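Structure, as structure tokens:
Where a number appears in this text, it was derived from the coordinates with a stated rule and is not lab data. Keep in mind it's a predicted model, so treat the numbers as computed, not measured. Glycine also receives a Cβ, built like all others from the backbone with ideal geometry; neighbour counts cover every protein chain displayed.
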Amino acid sequence: MPTNRAIHELTDEHVIKCMGDEEIVIDEAQGMWIRDAEGRETLDAISGEWVVNLGYRHPRVIAAAKRQMDKAEYVTPVVDYESRAVMAQRLADASPGGRFTKVLFALAGGDAVEGAMHLAMRATGGTEFVTFYKAFHGRTFATIAMSYSDTRMIEESKAGLERYLTKQNRVPNFYCYRCPFRLEYPSCDLFCADFVETAIVHQADGKVAGVMAEPWQANGSMVPAPDGWFQRVREICDRHGALLIVDEVQSGLCRCGRMFAVERTGVEPDLIILGKALGGGFPLSAVLAKEEYAGLLLWEFGFTQMGHPVSCAAGAEMLAVMIEEDLAGNAERMGARLMDGLREMAGKYPLIGDLRGWGLMIGIELVVDRTTKEEAWEAATYAMQRAYANGLLIGKTGPVYGDNGNVLKLKPAVNATAAEIDEILVRLDRTLAEVSLRWPGAR
Ligand SMILES: Cc1ncc(COP(=O)(O)O)c(C=O)c1O
């Protein structure tokens, strides 16, 4: 049996690790629990990287994957096969109003975002997009250009890539706790949403094919869209013949208390992008499109393993479980329970500046001073470390997303039980008590 240290050392020697470097080993996982190579157990309050929305090794998901592996582990995307067809049908049925009848499959979130860009360009004849300052849509060349814009670190990481990065039209994002325009909701009358029109009219050089937004801006500080924002942007898109594209790579699949987070807004988009959890833990992403926006030229988009049969089989079973067990409703109820516990903690720990939650998508913004809202980013880093020491895996935003890294993330499995939610609260309370001792001046 290799030790944690041996695994770290082998990793350091051979793996180019370019997505963070946590000193954590995961050897086995079940439900909401992960175990390292030496048997230490930790409660995972972030579903892997918000991927295993039903927890690890859900018996029905694993059985479906195994059934597919016993039939064919791979099928070329140029032919037809059952698991992909069934997955597409289930997604279409689960889509808002059942109106997104076409599915473009891909592998990861970033390439599905590119797929949505292709579809929007074909549907509108436009070539430009409007995106948001703290948006995150991926790390491919096209999606880096759609993503975060405004930190020094990002300028460094873009160096040399300029020739590949297309210009996109960026506008300030919604963020009511720290309004980029220093206005207050609702007296602001959604000034930030109106900026989308400014970008379309005054900033774009050519026709805008689409406005791409996350209903819950996830990596960029864990911020939900304020009420009315999507209505306003929908009207703007309609006035200018641009598609409204929602990136639900993080927020979709019951995470936000609905199958799709955009359903909370009452607005119907034109394209919905899914990834991360879509394959029940296996790599899979997709764009859900209405019939009229589903045209692509042959060969203009695609990957050899797109719509992988094992991922489709696992994903289709995951969707069935979500619907049969009303896990969107469970996420809403368990999210409310978690938020109640967090509000109690906010009464005890002045470090908690703001709490934001839609279902089981929860952000805890830490500040050293509630009046000035100065970010407590060191405290957030320390909180992550203490949480792990207390047997709890949580997440945190980071500067690479145009964020100061002071927002803790909780995104537990959407089938979490009340007992599991309470256990998260116990371990988090212990953690925040320890962190508060280190920041006694927080007020
Ligand atoms: C909203 C959003 N879109 C797209 C992506 C890119 O997904 P992937 O890393 O699978 O390419 C992410 C990843 O964090 C994301 O959060």
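Which helices, taking whole DSSP H runs in the chain, have alpha carbons extending 20 angstrom or more along the helix axis plus mean Kyte-Doolittle at least -1.0? Before the final figure, lay out the partial values.
Values: long enough: 109-124 (22 Å, 0.15); 309-324 (22 Å, 1.27); 327-348 (31 Å, -0.40); 418-438 (30 Å, 0.26).
Those that pass (Cα extent of 20 Å or more, hydropathy at least -1.0) are 109-124, 309-324, 327-348, 418-438.
Once both labels are modelled 7 Å past Cα along the beta-carbon direction, what's the residue 326-residue 16 spacing in nm?
4.9
When each pair of different Cα atoms in segment 225-322 is counted once in the 1/r mean, what is the Kirkwood radius in angstroms, to one decimal?
Details: mean 1/r = 0.0674 Å⁻¹.
One over the average 1/r among Cα pairs gives 14.8 Å for segment 225-322.
Using the crude model of +1 on Lys and Arg Cβ and -1 on Asp and Glu Cβ, and no other charge, please compute the dipole size for segment 61-107 relative to its Cα centre, in debye to 20. Write out the running numbers ahead of the final one.
On the way: 7 positive and 5 negative charges, 28 e Å.
Magnitude of the dipole: close to 140 debye.
Can you find, among 78, 34, 24, the residue sitting farthest towards the positive end of the charge dipole of segment 1-78, where Lys and Arg contribute +1 and Asp and Glu -1 at Cβ?
Toward the positive end, the furthest listed residue is 78.
Go ahead and estimate [θ] at 222 nm for the chain from helices alone: -39,500 (n - 2.57) per DSSP H run with n ≥ 4, summed, over the residue count, rounded to 500.
Values: 13 runs with 162 residues, N = 443.
For the chain, the value works out to -11500 deg cm²/dmol.
Expressed in nm to one decimal, what extension gain is obtained for the pair residue 66 and residue 80 from 0.36 nm per residue of sequence separation less their Cα-Cα distance?
Details: separation 14, 0.36 × 14 = 5.04 nm, distance 1.96 nm.
Extending this stretch completely gives an extra 3.1 nm.
Give me 43, 253 sorted ascending by neighbouring Cβ count inside 10 Å, so fewest comes first. Let's see the in-between values first.
Values: 43 21, 253 31.
Taking fewest neighbouring Cβ atoms as first place, the list is 43, 253.
Among 186, 357, 342, whose Cα sits farthest toward the positive end of the charge dipole of the chain (+1 at Cβ of Lys/Arg, -1 at Cβ of Asp/Glu, about the Cα centre)?
Value: 186.
If you take the alpha carbon radius of gyration of segment 203-276 and divide it by 2.2 N^0.38 Å, what ratio comes out, to two decimals?
Details: Rg = 12.3 Å, N = 74, 2.2 N^0.38 = 11.3 Å.
For segment 203-276, the normalised Cα radius of gyration comes out at 1.09.
Excluding same-chain residues fewer than 8 positions from residue 373, which aspartates and glutamates have a Cα within less than 13 Å of its Cα?
The reachable aspartates and glutamates, counting only those whose Cα sits under 13 Å from residue 373, are 354, 365.
Could you give the length gained on full extension between residue 24 and residue 40, defined as 0.36 nm per residue of separation minus the Cα-Cα distance, in nm?
On the way: separation 16, 0.36 × 16 = 5.76 nm, distance 1.07 nm.
Separation in residues times 0.36 nm, less the Cα-Cα distance, equals 4.7 nm.
Quick check: residue separation of residue 201 and residue 337 times 0.36 nm, minus the Cα distance between them. What number comes out in nm?
On the way: separation 136, 0.36 × 136 = 48.96 nm, distance 4.42 nm.
So the extension gain works out to 44.5 nm.
Given charges of +1 on the Cβ of Lys and Arg and -1 on the Cβ of Asp and Glu, with all other atoms neutral, how large is the dipole of the chain about its Cα centre, in debye to the nearest 20?
Values: 47 positive and 61 negative charges, 71 e Å.
The dipole magnitude comes to about 340 debye.
Which value, in debye to the nearest 20, describes the size of the charge dipole of segment 134-274 about its Cα centre when Lys and Arg Cβ atoms bear +1, Asp and Glu Cβ atoms bear -1, and nothing else is charged? Each step should come with its number before you reach the end.
Details: 16 positive and 18 negative charges, 74 e Å.
Rounded to the nearest 20 debye, it is 360 debye.
Which value in nm describes the separation of the simple spin-label points at residue 373 and residue 184, placed 7 Å from the Cα toward the beta carbon?
About 1.2 nm separates the two model spin labels.
Going Cα to Cα from residue 17, which aspartates and glutamates come in below 13 Å? Please leave out same-chain ones fewer than 8 positions away.
Leaving aside aspartates and glutamates fewer than 8 places away in the same chain, those within reach of residue 17 are 9.
Net charge within 12 Å of residue 67 by Cβ-Cβ distance, Lys/Arg positive one each and Asp/Glu negative one each, not counting residue 67 itself? Intermediate results must be reported in sequence, preceding the final value.
Working: positive: 60, 66, 71; negative: 70, 73, 82, 317.
Neighbourhood net charge equals -1.
Take the Cα coordinates of the chain, assign each an equal point scatterer, and use the Debye formula without solvent to give log10 I(q)/I(0) at q = 0.08, 0.09, 0.12 Å⁻¹.
So the normalised log intensities work out to -0.44, -0.57, -1.05.
When we measure straight from the Cα of residue 66, which lysines land under 23 angstrom away, once same-chain ones fewer than 8 places off are left out?
276
How much of the DSSP beta bridge set in segment 210-337 is antiparallel, as a percent to the nearest 5? Don't jump to the answer; show the numbers that get you there.
Numbers: 7 of 14 bridges.
Restricted to segment 210-337, the bridges split so that about 50 percent are antiparallel.
Given the C-alpha centroids of segment 165-208 and segment 303-375, what is the distance between them in whole angstrom?
With segment 165-208 and segment 303-375 each reduced to a Cα centre, they are spaced 26 Å.
Using alpha carbon centroids, what distance separates segment 96-128 and segment 50-88, in Å?
Cα centroid of segment 96-128 versus Cα centroid of segment 50-88: 22 Å apart.
Just for the chain, what percent of DSSP beta bridges are antiparallel, to the closest 5? Each step should come with its number before you reach the end.
On the way: 33 of 48 bridges.
Given both bridge residues lie in the chain, the antiparallel proportion sits at roughly 70 percent.
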